[in-house]
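Scroll down for the structure; my scribbles are underneath it.
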Amino acid sequence: MVLRLDHHSGEPIYRQIVEAIKYKVASGELGEGEQLPSIRGLAEQLAINPRTVVKAYEELEHAGVVLMRHGQGVFVSD
């Protein structure tokens, strides 16, 4: 999964991640049950703090977009 961030935007990085993943789910690029990158993996890919990814994933889970399964990963919800 490739995400592009704009570090010069006024929008926080975690919000950019949330919106990018929501778009990918809505457009069908990410399907039901598909696994998202690990927190550490996405943080390394984007060169950001892992806590930022956690915040984005938690917001996506709260919105019902993804399911976080401890020890298994993060998956697109049904």
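The values are calculated or read from the model by the stated rules, or taken from the named source; none is laboratory data. Being a predicted model, the structure only gives us computed values, none of them experimental. With ideal geometry, Cβ positions are generated from the backbone for all residues, glycine too; neighbour counts draw on all protein chains shown. Protein only, heavy atoms only, side chains kept; ligands, DNA and RNA dropped before computing areas. Shrake-Rupley method; radii C 1.70, N 1.55, O 1.52, S 1.80 Å.
From the set of residues in the stretch 1-37 that are of a type in the set (Ser, Thr, Tyr) and open to solvent by less than 70 Å² (accessible area, probe 1.4 Å), which is farthest from LEU60 (Cα to Cα)? Walk me through how you get there before you give the answer.
To start, the set of residues in the stretch 1-37 that are of a type in the set (Ser, Thr, Tyr) comprises 9, 14, 23, 27.
Filter once more, so that each one left must be open to solvent by less than 70 Å² (accessible area, probe 1.4 Å): 9, 14, 27.
Details: SER9: 21, TYR14: 10, SER27: 16 Å.
Selected residue: SER9.
Give the residues of the stretch 50-78 that are open to solvent by 90 Å² or more (accessible area, probe 1.4 Å) and either over 20 Å from VAL25 (Cα atoms) or of a type in the set (S, T, N, Q) (or both), sorted by residue number.
Within the stretch 50-78, ARG51, HIS70, GLN72 meet the criteria.
Can you pull out the residues in the stretch 24-75 that are in contact with a strand residue (DSSP E or B) (Cβ under 6 Å, 6 or more places away or on another chain), of a type in the set (A, V, I, L, M) and more than 17 Å from ARG4 (Cβ to Cβ)?
LEU60, VAL66, LEU67, MET68, VAL74
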